[in-house]
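Structure record follows, encoded as structure tokens.
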Amino acid sequence: MKTRIMIDIETLGQHAGSVVLAIGAVKFGDGQILDEFYTRVDAESCVKAGLKVDADTVMWWMRQADAPRLEIAQGGVDLGDALASFADWVDDPDSEVWGNGASFDNALLAEAYRAAEIKAPWKYWNDRCYRKVKNLYRDVQMVREGEHHNALDDARDQARHLMSIFETMA
């Protein structure tokens, strides 16, 4: 079975080329979370790599709950180091990489890899869109167990939801 990875990122923008603040990911299968990855990313290192800040997204963050806002405000590691660590964790370029929207998580993270001049650790044809699947199976309810807008908590919740959807498809 192919490795399946659900990613969730927190950003300062809504489009490819935006600053990445946190990367959360889980490997999942057989109804369980198999492994986890989380890192905060230094926003200044993203800007130095050419990624952009969107003022509307900054204002959106200011209206969010304290816990996720304070989590990303702690700062993080250099963009290149974060991306290299994530690539090491992915380990298998044939992994299916799921994100919440065909044009969001995977696309923004792939653009961050391009900006940092590092090869993305998955093949583009293994991009998967969780948003499309969840919208096709609206009757399967998502159960939130973590803090909304925490990249790792969101990745866990999304992976569990997707596995529940897969169970209904079997």
Inset, instruction - As a check on your grasp of the helix formula, calculate [θ] at 222 nm for the chain: sum -39500 (n - 2.57) over DSSP H runs of n ≥ 4, divide by the residue count, round to the nearest 500. - result: -12500 deg cm²/dmol
Inset, instruction - Express in Å², to the nearest 10, the accessible area of residue 153 obtained by rolling a 1.4 Å probe over the protein heavy atoms while all chains stay in place. - result: 30 Å²
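Let a ≥ b ≥ c be the square roots of the eigenvalues of the Cα gyration tensor of region 72-121; is it rounded (a/c under 1.5), or, if not, prolate (a/b larger than b/c) or oblate?
On the way: a/c = 1.60, a/b = 1.22, b/c = 1.31.
In terms of gyration-tensor shape, oblate.
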Inset, instruction - Enter the Cα centre distance for the pair region 1-43 and region 91-139, rounded to the nearest angstrom. - result: 9 Å
Legend entry - Accessible heavy-atom area order of 149, 161, 15, highest first, probe of 1.4 Å: 15, 149, 161
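Any chance you could run the full-extension gain for residue 169 through residue 144? It's 0.36 nm times the residue separation minus the Cα-Cα distance, nm to one decimal.
Stretched out fully, the residue 169 to residue 144 stretch lengthens by 6.9 nm.
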Inset, instruction - Could you rank 79, 70 by how accessible they are, 1.4 Å probe, largest area first? - result: 70, 79
Legend entry - Shape call, region 1-143: gyration tensor on alpha carbons, a/c limit 1.5: oblate
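In the chain, what % of DSSP beta bridges are antiparallel (nearest 5)?
Looking only at bridges with both residues in the chain, the antiparallel portion is about 65 percent.
Quick check for you: with a 1.4 Å probe and neighbouring chains kept, what is the accessible area per residue of the chain, in Å²?
Value returned for the chain: 51 Å² of accessible area per residue.
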Inset, instruction - Compute, for residue 103, the solvent-accessible surface of its heavy atoms (probe 1.4 Å) with the complete set of protein chains present, and express it in square angstrom to the nearest 10. - result: 90 Å²
Inset, instruction - Enter the accessible area of residue 156 (Å², nearest 10), with the probe set to 1.4 Å and all protein chains included. - result: 50 Å²
Inset, instruction - Please tell me the relative contact order of region 13-101 in percent, rounded to the nearest whole number, where contacts are Cα pairs under 8 Å and at least six residues apart. - result: 31 percent
Legend entry - Mean projected area in nm² (Cα convex hull; one quarter of hull surface) for region 45-94: 4.9 nm²
Legend entry - Residue-by-residue Karplus 3J(HN,Hα) for region 93-106, coefficients 6.51, -1.76, 1.60, Hz, glycine and proline x: x, 8, 5, 6, 10, 9, x, 8, x, 4, 10, 10, 3, 5
Inset, instruction - Run the numbers on the chain and let me know its relative contact order in percent, using alpha-carbon pairs under 8 Å that are six or more apart. - result: 30 percent
Legend entry - region 1-68, accessible surface, carbon-and-sulfur percent (1.4 angstrom probe): 49 percent
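The values are calculated or read from the model by the stated rules, or taken from the named source; none is laboratory data. Predicted model, so just to flag it, every value in this text is computed and none were measured. Accessible surface is based on the protein model in full, side chains and every heavy atom, while ligands, DNA and RNA are left aside. Shrake-Rupley method; radii C 1.70, N 1.55, O 1.52, S 1.80 Å.
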